[in-house]
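In what follows, a single structure is set out as structure tokens and then discussed.
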Amino acid sequence: MWDYTDKVKEHFLNPRNVGQIDNANAVGEVGSLACGDALKLMLMVDAKEIIVDAKFQTFGCASAIASSSALTEMVKGMSLAEAAKVTNEDIANYLGGLPKEKMHCSVMGREALEAAIANYRGILLPMAEGEVVCECFGVTDVEVQRAIDESHLRTVEEITNFTKAGGGCGKCHDRLQEMLDASVKQVKAKIIPLKAPRRMTNIQKIKLIEDVFEREVRPTLRKDGGDIELVDVDGDTVIVSLRGACGSCAKSRTTLKEYVEKKLREQVLDTLTVEDDKA
Amino acid sequence: MNKTIYMDNNATTRVAPEVVEVMLPYFSELYGNPSSMHTFGGQVGEAIAKARAQIAQLLGADPEELVFTSCGTESDSTAIFSAIRATPAKRHIITTRVEHPAVKNLAENLHAFTGHKYRVTQLGVDSQGMLDLDEYEKAFCEDTAAVSVMWANNETGVIFPVEEMAEIAKSRGVLFHTDAVQAVGKVPVDLKKSTINFLSISGHKLHAPKGIGVLYVRKGTPFSPFLIGGHQEKGRRGGTENTASIVALGKACELAAVRMTVENTRVKHLRDKLENGLLASIPNAIRNGHQSKRLPNTSNISFEYVEGEAILLHLNTVGICASSGSACTSGSLEPSHVMRAMGVPFTAAHGSIRFSLSIYNTEEEVDFVLKHLPPIIEKLRNMSPFWHNRSKGL
């Protein structure tokens, strides 16, 4: 059984704003019967571009219904400009999180909202213009790329969880992997130019260090059964704790200096030094 | 909390109280090892022999033709590997599109386990879930090593003519396996009158506990053990016997022989009452699977324009346990392979619900479901954009 939060269950059993707005001036429809879920979002937007009413109709599982209900509650009272900034993660967070296999339900909510705003403004969304990558669920490369970038996806499985692409026959898995590989290269390319020394607050350093750990260091260490944790940042000294196989590895000091420190100097600040917390 | 109304017996069954009673001593005073050279262990060996005879009796088999395993999946794997090892030069197997994953996933991935590429013919089914025997006969070729076809389908309850299919396989000199985990105890099985080479059983589908299975291996059929180890099961399956569960399965089979009539009268009546009641009271509800050629306990109904997981979770809030072939419950993104093989349209496949009853269900429980399900479907349809489009004729 899925591990739904109480809030998901509550919104599923008692969904808010179910129904239609007959004279809605912003309507977004996404999904299909074949895909197993679909959402029609109807908004009433006033002259000041404030969303004064929101209703929905959804075909789908508990998390699809709960995500739709949450979305309507969130956007009521927002301006269109504010609503345009709502992300799928905002929807998932509103519900206290969704099982990872169900993240596509929150993505569907965000897409319906975008479609409704585009409908109000009379414009065409770029998603429809992309090239279909996953034929089973009709997902375009534009949608996949966006999910990779926005939600920092790293595996084909994650792409499937977020967009459904690759969840059917599996023929597009190679293409999805290519998109992931290309994105990783771009991320690296983007970060390297930031090498020039600059002043940073500790909070900024911690955030960037964690990013680098998560994106590059942990996946590498985990391949050898190890892991790393950030313990503290004191000025330019980064104190870490090596875990798992790395914790007892004779080469751990080399790993810290030659690999971890090098990565952090490249991508965060070139004056950083890395120390083991047990040293 | 509501009383639990359990209608998910094709997933697993309640262990019969009579079965619990006979197995308990094997967790306490009768803990001996049946292989030991002392009476204390020996008496456990005798209990296993008795259980083997009880199971053989239900199947119309010789007790020596039974090998105890840990589950239906182990029985399936043992049978299929035995069959293909018997003719290692042949690289083609015949199965169906609607097999349980225990057979389907193994057949599709034999390459990974054997290092050889196997061609797999998966026989299709029609909209009633039935096989085409002409297609089956045409599927054989010189290279065919084995056939594996389930006796009854777990999702729809549809029964396949496996005895006839085994005859055809025999005439072609090909070994025949059937996964009968859903059939045994619900429909008569008499292996003496058939040419089936291998047959799999799972204890927990017929009111014995989880963790015990049986593989029937016809005398004279080539066999290779799947678990290599001690001399247990005459060297056909290593590992100390799961004595309590074996004794339990023996008792469950003895009970099943007696209760098969109840399954085919009272349980069937309850199933029909439930199914007919739901089809009559809920518009756009469709039965999946052949009406008569199916297990007496199983009903699979699609409720168009709604999604199965949402139905199940609403049923759950009133204590009703059922299951669904919808994508969202399967953990994948597509509806069940059985619904797709039958060509059930997407409008209906995502909203398919399986009720599987047992002798422990009552008329009151059926009435309770008949009362509570229609408003759930109505509520979800009122929320569904497709239902609204449909009512508007779009």
Would you pick out the residues in segment B:55-101 that are of a type in the set (S, T, N, Q) and more than 18 Å from B:Gln232 (Cβ to Cβ)?
-> B:Gln57, B:Thr73, B:Thr87, B:Thr95, B:Thr96
Restricting the search to segment B:225-264, which residues are under 17 Å from B:Lys50 (Cα atoms), among the charged types (D, E, K, R) and in a helix (DSSP H, G or I)?
-> B:Glu233, B:Lys234, B:Lys251, B:Glu254
Flagged in segment A:45-65 as buried (at least 17 other Cβ atoms within 10 Å of the Cβ) and aliphatic (A, V, I, L, M), in numbering order, are A:Val45, A:Ile51, A:Ala54, A:Ala62, A:Ala64, A:Ile65
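Just checking, which of B:Ser194, B:Ser148 is without any contact (Cβ under 8 Å) to a residue 40 or more places away in the chain and small (Gly, Ala, Ser)?
Details: B:Ser148 fails: without any contact (Cβ under 8 Å) to a residue 40 or more places away in the chain.
B:Ser194 is the lone residue from the list that is without any contact (Cβ under 8 Å) to a residue 40 or more places away in the chain and small (Gly, Ala, Ser).
If a residue counts only when it is within 14 Å of chain A (Cβ to nearest Cβ), within 26 Å of A:Thr5 (Cβ to Cβ) and of a type outside the set (Asp, Glu), which helices (runs of 4 or more DSSP H) contained entirely in segment B:265-369 have at least 3 such residues?
Details: elements: B:268-281, B:308-317, B:327-330, B:337-341, B:346-349.
Helices (runs of 4 or more DSSP H) meeting the threshold: B:308-317, B:327-330.
Just checking, which of A:Asp211, A:Asp227, A:Asp232, A:Asp270 is surrounded by fewer than 17 Cβ atoms within 10 Å (Cβ to Cβ) and either in contact with a strand residue (DSSP E or B) (Cβ under 7 Å, 6 or more places away or on another chain) or on the phi > 0 side of the Ramachandran plot (or both)?
Values: A:Asp211 fails: either in contact with a strand residue (DSSP E or B) (Cβ under 7 Å, 6 or more places away or on another chain) or on the phi > 0 side of the Ramachandran plot (or both); A:Asp227 fails: surrounded by fewer than 17 Cβ atoms within 10 Å (Cβ to Cβ); A:Asp270 fails: either in contact with a strand residue (DSSP E or B) (Cβ under 7 Å, 6 or more places away or on another chain) or on the phi > 0 side of the Ramachandran plot (or both).
Testing whether each residue is surrounded by fewer than 17 Cβ atoms within 10 Å (Cβ to Cβ) and either in contact with a strand residue (DSSP E or B) (Cβ under 7 Å, 6 or more places away or on another chain) or on the phi > 0 side of the Ramachandran plot (or both) leaves just A:Asp232.
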Among the residues of segment B:199-223, write down those that are surrounded by fewer than 24 Cβ atoms within 10 Å (Cβ to Cβ) and hydroxyl-bearing (Ser, Thr, Tyr).
-> B:Thr221
Just give me the residues in segment B:45-101 being under 21 Å from B:Tyr26 (Cα atoms) and charged (D, E, K, R), in sequence order.
-> B:Glu46, B:Lys50, B:Arg52
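Please report, ordered by residue number, the helices (runs of 4 or more DSSP H) entirely within segment A:57-149 with at least 3 residues that are more than 14 Å from chain B (Cβ to nearest Cβ) and free of Cβ contacts under 8 Å to residues at least 24 places away in the same chain. Full working, then the answer.
Details: elements: A:62-75, A:80-83, A:88-94, A:103-121, A:126-129.
Output list reads A:126-129.
Each row is one residue, and each column tells you yes or no for (1) within 13 Å of A:Glu111 (Cα to Cα); (2) modelled with pLDDT under 95; (3) of a type in the set (D, E, K, R).
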| residue | (1), (2), (3) |
| --- | --- |
| A:Ile50 | no, no, no |
| A:Asp53 | no, no, yes |
| A:Ala62 | no, yes, no |
| A:Leu71 | yes, no, no |
| A:Met78 | no, no, no |
Hey, can you tell me all the residues within segment A:3-56 that are more than 19 Å from B:Trp387 (Cα to Cα), facing chain B (nearest Cβ under 9 Å) and not in a helix (DSSP H, G or I)?
-> A:Tyr4
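The values are calculated or read from the model by the stated rules, or taken from the named source; none is laboratory data. All values reported here derive from a predicted model rather than from experimental measurement. Because the Cβ atoms are built from the backbone with ideal geometry, glycine has one as well, and the counts that use them run over all protein chains shown.
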